[in-house]
1. What tally of residues in segment 69-99 results from selecting those that are exposed (fewer than 12 other Cβ atoms within 10 Å of the Cβ) and closer than 17 Å to Val20 by Cα?
2. Of the numbered conditions (1) touching a strand residue (DSSP E or B) at 6+ places or on another chain (Cβ under 6 Å); (2) of a type in the set (D, E, K, R); (3) crowded, with 18+ Cβ neighbours inside 10 Å, Lys57 satisfies every one except a single condition; which is it?
3. Restrict the check to segment 45-56 and report whether at least one residue is under 13 Å from Ala14 (Cβ atoms), among the basic types (Lys, Arg) and modelled with pLDDT of 95 or more.
4. I'd like the full set of residues that are farther than 21 Å from Gly108 by Cβ, of a type in the set (Gly, Ala, Ser) and surrounded by 12 or more Cβ atoms within 10 Å (Cβ to Cβ), limited to segment 31-54.
5. Would you please name the residue that is surrounded by the most Cβ atoms within 10 Å (Cβ to Cβ), looking only at residues in segment 1-30 that are aliphatic (A, V, I, L, M) and modelled with pLDDT of 95 or more?
6. Those residues that are in contact with a Phe, Trp or Tyr (Cβ under 8 Å, 6 or more places away or on another chain) and β-branched (Val, Ile, Thr), I need them from segment 1-22; list them, please.
Amino acid sequence: MGESGHINYVEFPASDLEQVKQFYNDAFSWEFTDYGPEYTAFSESGLMGGFFKSDLKSRTENGSALVVLYAADLEDMQAKVETAGAKISVEIFSFPGGRRFQFLDPNGNELAVWSDK
């Protein structure tokens, strides 16, 4: 059970659910449960969520929130997401407390990965 007021679930659009499942499983080892042909839920990501069938894209340029994942080895994670099919939208940069990069998944959703290492 969740706590009142805590973020509990996040959803993203995806035009190709099979492609998005393959990408996030290959890059991050997320697991999926399908709920019909237009929705798949993910787990093993730190926060549960899902992808709904849509041609929309979750990107900061459209005003979307940026979901940021963690990696102990940032360069290794960047190589994994690129190999799995992501496009790097912002190369690794430093900020007070760490470094990060941003990527577009194969359906065009923008996420980031950061590290304190």
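1. Within segment 69-99, residues that are exposed (fewer than 12 other Cβ atoms within 10 Å of the Cβ) and closer than 17 Å to Val20 by Cα number 1.
2. So the condition that Lys57 fails would be (1).
3. The first filter runs over segment 45-56 and keeps only residues under 13 Å from Ala14 (Cβ atoms), leaving 49-56.
Now narrow it down to the ones that are among the basic types (Lys, Arg): 53.
Checking which are modelled with pLDDT of 95 or more leaves us with 53.
Taking every residue of segment 45-56 in turn, at least one turns out to be under 13 Å from Ala14 (Cβ atoms), among the basic types (Lys, Arg) and modelled with pLDDT of 95 or more.
4. Correct list: Ser43 only.
5. Top of the filtered list is Ala14.
6. Going residue by residue through segment 1-22, those that are in contact with a Phe, Trp or Tyr (Cβ under 8 Å, 6 or more places away or on another chain) are 11-14, 17, 20-21.
Within segment 1-22, just Val20 meets the criteria.
Quick grid of which residues meet (1) at negative phi; (2) in a strand (DSSP E or B); (3) in contact with a Lys or Arg (Cβ under 7 Å, 6 or more places away or on another chain):
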site: Asp26; (1), (2), (3): yes, no, no
site: Phe42; (1), (2), (3): yes, yes, no
site: Glu61; (1), (2), (3): yes, no, no
site: Ala72; (1), (2), (3): yes, no, yes
site: Met77; (1), (2), (3): yes, no, no
site: Thr83; (1), (2), (3): yes, no, no
site: Glu91; (1), (2), (3): yes, yes, no
site: Ser94; (1), (2), (3): yes, yes, no
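The values are calculated or read from the model by the stated rules, or taken from the named source; none is laboratory data. As the structure is a prediction and not an experimental result, all values here were calculated from the model. Every residue, glycine among them, receives a Cβ derived from its backbone with ideal geometry; neighbour counts consider all protein chains shown.
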